Amino acid sequence: MKLTKREKSKLVLEGFVTVGLIFLLYYAVYVIFTRMVLAFPQFFRSIWILGDVIISVQGDNVISLTPFLVVLLSLIAVIVIYWRLKRRYRQMQLSHIISELHYIAEGHYDHRISHDYGGDMSRVVESIHVLVDSTVAAMEEERRIEQSKDELITNVSHDIRTPLTSIIGYLGLIEEGRYQSKEELQKYTHVAYEKAKQMKALVDDLFEYTKVRQTTTPLNLSQFDMIQLLEQLVVDFELEAAKKQMEIEIVSPLTELHMEADTEKIVRVFNNLIANALKYGKGGKQILIEVEANEKEALIMISNDGPPIPQKALSHLFDRFYRVDISRSQENGGTGLGLAIAENIVSLHHGQIEAKTEGKWTRFCLVLPLQQEQKG
Ligand code: ATP
Ligand code: MG
C-alpha cells in the first residue's frame, strides 16, 4: 500500500512520540528503582536476579545498568515501537479500504480495491470483491428479469393487437351491414372467428408458458411406455401428414421403453415438435422419430427434411416468441411459444433439448431421465 505524505509524517511522529514515552517511562522506573536499591541494598542483593546480573552498585549511591539490562530494555523498546507503528499502519490500511468501499458504494461497482495489503487484510479485500460481484450479479439478474417481463408484455400486446384489430374490423363491417351477400357475411364471420381462435391459442400458450416456467411447478408423474406414447401420437398426426404428403416413422431398436414423467406435459412437447416438423418442413417428405436408451436416460430425436433452419437462428429457437420466418409462421398460426414451453417442460424433468441441422435433416434431440428423482 502506498502511503500519502501526510500518513508518512504521521507515522514518523508516532515513532518519535513512542520513543519519548518509553524514555520517560524508563527514566521514572530507573529513578524509583535506584532509590529503592539504595534504601534496601542488602535486600536487593539477596535476590540474585536483581544483583550483579541487572544492576551494579558502585560506592554508596552510584548505580549503573548492566549491559544485559541495557540490551533487554532496548529490545523491549524496539518491540513496543514496532507494535505501535504496525497498529497505526493497519489503521491507515483500514481507512484506505473504507474510502474505497465508499467509492464502490457510490455506484462504481467494477472498481477494484487494488493495493496489495498482504495477510488478513488481503483476505478481507478478497471477500469484499466476492460480495460486490455477487451483489452486482444479483442486480443484473433482477434487471434482466424486469426487462424480459417488459419484453413479454410488449410481445403479447403486439400479438394480441393484430388479430384483435381484424376481429374489430370485420365485426364492424357486419354491425354496419356493409356486406353484399350472405356469403360475404359468412366470410367476415369466418375471418373474425379464425382470428379469435388464434388469440385464444396465444393466450393458452402464454398461460402454459408462465405455468411451466416456474421451477416449482409440480409434475404429475406416472410410469408409462414411451414407445407406445409416441406410436399413439403418430396415429394422431397421420392424417395431417398424409395431407402434406409426408410420412411419420418411428425408428427404434426397442419395442418398449418404460419410464417416468408427467405424460400430459411430455405429450405437449412432442405435439409441438411433430406439429413444427409438419408446419415448417414444407417440401420435405419424412419425419423420423428415433428412440434409444441407456441405463439412465431416454434419447429421442425428432427429425424432418425440408428447408434447413439457418445456423444463426438455431441458438434462438427456444427463446419465447422467436420465429425464424415471421410471415410464414404467422400464416401457420404459430405464436413462437411452443419451443420455449417445450424447453421448460424438459428442464422440469431434468432433461435437455437441443436443435441442430445435419445434412438434409433438422433435428430436435431430447434427453430425458428414465426415472425422476424423488423429492424429500
Ligand atoms: P407455436 O408452437 O407456439 O404454435 P411456433 O411453432 O411458431 O408457434 P415454436 O414451436 O417455438 O413456435 O417454433 C419457433 C420457430 O422455430 C418456428 O416459428 C419456426 O420458424 C422454427 N422451427 C421450429 N421447428 C422447426 C422445424 N422443424 N423446421 C424448421 N423450422 C422450425
Ligand atoms: Mg410450434
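Counting just the Cα atoms, what span does the range 241-311 cover along each of its three principal axes? Round to the nearest Å and put the largest first.
So the three principal-axis extents are 37, 29, 25 Å.
Gain in length, Gln371 to Lys312, computed as 0.36 nm per residue apart minus the alpha-carbon separation, to one decimal in nm?
Working: separation 59, 0.36 × 59 = 21.24 nm, distance 3.43 nm.
Extra length from Gln371 to Lys312 when fully extended: 17.8 nm.
Viscosity 1.306 mPa s, temperature 10 °C: give me the Stokes-Einstein translational D for the chain in µm²/s, with Rh taken as the Kirkwood radius over C-alpha pairs.
54
Pop the C-beta distance of Thr165 and Glu295 into the FRET formula with R0 = 45 Å and round what comes out to the nearest 0.05. Present the calculation step by step, with values, prior to reporting the outcome.
Numbers: r = 55 Å, r/R0 = 1.21.
In this case the efficiency is close to 0.25.
How large is the translational diffusion coefficient of the range 139-213 in µm² per second when you combine the Kirkwood radius over alpha carbon pairs with Stokes-Einstein at 25 °C and 0.890 mPa s? Please list the in-between numbers first.
Details: Rh = 14.4 Å.
Rounded, D is 170 µm²/s.
Please give the per residue accessible area of the range 222-369, computed with a probe of 1.4 Å over protein heavy atoms only, in Å².
Working: 7070 Å² over 148 residues.
For the range 222-369, the solvent-accessible area averages 48 Å² per residue.
Could you tell me how many cubic angstrom of Cα convex hull volume the range 173-254 has per residue? Let's see the in-between values first.
Details: hull volume 14.2 nm³, N = 82.
In the range 173-254, the Cα hull volume divided by residue count equals 173 Å³.
Using DSSP to call loops (not H, G, I, E or B), can you name the GluC sites (Glu not before Pro) in the range 170-204 whose Cβ has at most 10 other Cβ atoms within 10 angstrom?
For GluC sites (Glu not before Pro) across the range 170-204 that sit outside H, G, I, E and B with at most 10 neighbouring Cβ atoms in 10 Å, the list reads Glu176.
Can you tell me how much longer the chain between Gln91 and Arg178 gets when fully stretched, taken as 0.36 nm per residue apart minus their C-alpha distance, in nm with one decimal?
On the way: separation 87, 0.36 × 87 = 31.32 nm, distance 8.67 nm.
22.6 nm is the gain from fully extending Gln91 to Arg178.
Does a label point 7 Å from the Cα of Arg213, set along Cα-to-beta-carbon, have any residues of the range 119-154 with amide nitrogen under 18 Å, and which are they?
Inside the label zone: 140-154.
Calculate the FRET efficiency for Lys285 and His129 from the Cβ-Cβ distance with a Förster distance of 45 Å, rounded to the nearest 0.05.
Between Lys285 and His129 the formula returns 0.15.
Ignoring everything but the protein chains, give the 1.4 Å probe accessible area of Arg87 in square angstrom, nearest 10.
Looks like 110 Å² after rounding.
Give me the percent of accessible area attributable to carbon and sulfur for the range 205-304, probe 1.4 angstrom. Provide the component values of the computation, followed by the final result.
Values: 2670 of 5350 Å².
Of all accessible area on the range 205-304, carbon and sulfur atoms account for 50 percent.
State in Å² the accessible area per residue of the range 139-213; use a 1.4 Å probe, count heavy atoms of protein chains only, and round to the nearest integer.
Numbers: 5540 Å² over 75 residues.
Roughly 74 Å² per residue, with all protein chains present.
Just from its helices, what would the mean residue ellipticity at 222 nm be for the chain, if runs of 4 or more DSSP H residues each count -39500 (n - 2.57) and the sum is divided by every residue, rounded to the nearest 500 deg cm²/dmol?
Working: 10 runs with 226 residues, N = 376.
Result for the chain: -21000 deg cm²/dmol, rounded to the nearest 500.
List, in the order given, every pair from Lys197/Lys243; Lys244/Lys356; Lys195/Lys265; Lys200/Lys282; Lys187/Lys312; Lys195/Lys312 whose Cα-Cα distance in the structure shown is over 29 Å.
Numbers: Lys197/Lys243 22 Å; Lys244/Lys356 23 Å; Lys195/Lys265 26 Å; Lys200/Lys282 26 Å; Lys187/Lys312 40 Å; Lys195/Lys312 31 Å.
Cα-Cα > 29 Å for Lys187/Lys312; Lys195/Lys312; rest within.
Among Asp120, Asp225, Asp150, whose mean-square fluctuation peaks in a Gaussian network model of the chain (Cα, cutoff 10 Å)?
For the chain, modelled as a Gaussian network with Cα springs under 10 Å, the answer is Asp120.
In nm, what is the difference between 0.36 nm times the number of residues separating Ala201 and Val12 and their Cα-Cα distance? Write down the numbers at each step before the final one.
Values: separation 189, 0.36 × 189 = 68.04 nm, distance 7.94 nm.
Between Ala201 and Val12, full extension yields an extra 60.1 nm.
If you take the Cα atoms of the range 222-369, find Rg, then find the Kirkwood Rh from the mean of 1/r over all pairs, what is Rg/Rh? It would help to have the intermediate numbers written out before the result.
Details: Rg = 14.6 Å, Rh = 15.5 Å.
We get a ratio of 0.94 for the range 222-369.
The values are calculated or read from the model by the stated rules, or taken from the named source; none is laboratory data. Predicted, not measured: the structure shown is a model, and the values here were computed from it. Methodologically, a virtual Cβ is constructed for each residue, glycine included, from the backbone with ideal geometry; neighbour enumeration extends over all protein chains shown. Heads up: the accessible areas ignore ligands, DNA and RNA and are worked out on the full protein's heavy atoms, side chains in. Shrake-Rupley method; radii C 1.70, N 1.55, O 1.52, S 1.80 Å.
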